[in-house]
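Single-structure report; data block below.
What follows draws every value from the coordinates through simple rules; no lab data is involved. This structure is a prediction, so every number in the text was calculated from the model and none was measured. Ideal geometry is used to build each Cβ from the backbone, glycine not excepted, and the neighbour counts take in all protein chains shown.
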Amino acid sequence: MSELSDVSAEEQKADVVADGASESEPAAARAPAPSAEPRVRRLNIIGLRNIFFAISLLIIIPGIVSMATRHFALGIDFAGGTELTVTFANHPSLQQVEGVVDAEGLNGQVIQTGGGYILRYPVLNQNELSSVQSYLTSRLGPMNVQQQLSVGGTIAGETIFYSLLAVVLASVAILLLLAIRFRNVPGGWRAGFQFGGSALAALLHDVFILTGIFSILGKVFDLRIGEIDAFFVTAVLTVVGFSVHDTIVVFDRIRENLRVSQRLSFEQVVNLSIMQTAARSIITSFTVVLVLAAIFISGGETIKGLALALLIGIISGTYSSIFNAAPLLVVWRRVQPIR
C-alpha cells in the first residue's frame, strides 16, 4: 500500500499537531496554530477508491437490470385495487384459501401472514365486495375482516408521481444547499458544486442499491417483503437524509483540514478527513442497525418491509459516505482542478 506522507508512525498519534508541541503539554497549549499541519494516517482509502467503486457497481448493476427487465412488485398504494386482511375461525390452509379465491374468477391474490391472510383484488365496488365476503364465508367458514383498503387507479398514479417528485426535489435541494455550504472553500462556487455533486452521486448510489435490491426481492424471488409501497417511499427519503448527513460530516472535516493544512495535497487531506470521521460514522450506523434488525426480526408483517429497506439504506449510506462520496470528490477535482 502506498504511503501518503513521510510522517513516521510514531508521529501519527495525533491528527493535527501544532509545530513544536509535545504530548505532555496540556490540550490548550497544543491547540493548532495557523501553521498546524494534519498528520496523515497510513490507510490509503483514496488510493483504493477504484476497488470501492467496483464493489458498488457489482451491487448496483444487477439491480438496474432487474428494474429494467422485471420492474417492481407494486403494493396496493401504487398498483391500486382492494385489499382485505382476514382471519378464518376454521384456520384453512394456504392451498385451500388459494383454491377458493381462484374459483371466484376475480384475479385475486393470496398472501399468508402470521395469523391470517391478505387477499388482493382489482378495485371492487361495495356490492362486489359484499359478494366476495359472502362467498369466502360460505366456502371457508366464519371470517373476520381486520382491515380493508381500496385504492383507485387515479390515486395510485398520483401517489407514484408525487413520490418520484419528492425524491427529485429533495435531491436538487441537497445539491444546492451543499453548494452554498461549501462555497467558502478554495475554489468558491465551483468547488461548492463539486462537494454538492459528489454528495448527490453518493445519494443516488444508495437509492439505486435500495430500489434494485427490492426489485430483485419482489419480482425475481416473488417475496412480499420486496413490494414497493408508501412505507418504502418513507424509507427512501429517510435514507437520503441519513446518507447526506454522514457525507456532510466527512466534507466538513475536509473543509477544516484544508484550512489548517498547507503542505498536504488535496488527496492527502481527503484521506485524512475520512480516517478522522470513519469510526464515528460506523459506530453511529451500527447502533441504528441493531435497532432495525430487532424490528425486522420481531416486528409484524406490515413493518418488516420498512425495517428491511431502512437496514439496506443505512448500511449503503454509511458505505457511500466513507468509500464513495469523498473519493468521488477527489476524482472530480482531478478532472476539473481548481485553479
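Could you work out the relative contact order of the chain? I mean the mean sequence separation of Cα pairs under 8 Å and 6+ apart, divided by the number of residues, in percent. All intermediate terms of the calculation are to be shown ahead of the outcome.
Details: 480 pairs, mean separation 75.9, N = 339.
For the chain, the relative contact order is 22 percent.
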Local electrostatic count, Q112, Cβ distance below 11 Å [Lys/Arg +1, Asp/Glu -1]
-1
What order do you get for L223, L169, L328 when you list them from fewest to most C-beta neighbours inside 10 Å?
L169, L223, L328
Between helix 326-335 and the chain, what is the angle of the helix's C-alpha long axis to the longest principal axis, kept within 0 to 90° and rounded to the nearest 10?
60
Write out the chymotrypsin sites (Phe, Trp or Tyr not before Pro) in the stretch 161-223 meeting two conditions: DSSP loop, and at most 15 other Cβ atoms within 10 Å of their Cβ.
F221
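Could you quote the convex hull projected area for the stretch 81-151, Cα atoms only and averaged over all directions, in nm²?
Numbers: hull surface 16.3 nm².
Hull-based average projected area comes out at 4.1 nm².
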Tell me the angle of helix 126-140 to the major Cα principal axis of the chain, expressed in degrees between 0 and 90 and rounded to the nearest ten.
80
Alpha-carbon centroids, the stretch 165-195 and the stretch 68-124: separation in whole Å
45
Report, in degrees rounded to the nearest 10, the 0 to 90 angle that the Cα long axis of helix 94-104 makes with the longest principal axis of the chain.
60
Dipole of the chain, positive end: most advanced residue of L237, S130, F195 [Cβ charges, Cα centre]:
F195
Cα-centre dipole for the chain with unit charges at Cβ (Lys and Arg positive, Asp and Glu negative), debye to 20
940
Could you give the nm distance between label points at V249 and Q112, where each point is 7 Å from its Cα heading toward the beta carbon?
4.3
Where both residues lie in the chain, what percent of DSSP beta bridges are antiparallel, nearest 5?
95
Among V86, I155, V168, whose Cα lies farthest out toward the positive end of the dipole of the chain, if unit charges sit on the beta carbon of Lys, Arg (+1) and Asp, Glu (-1)?
V168
For the chain, divide the Cα radius of gyration by the Kirkwood radius and give the resulting Rg/Rh value with two decimals.
1.13
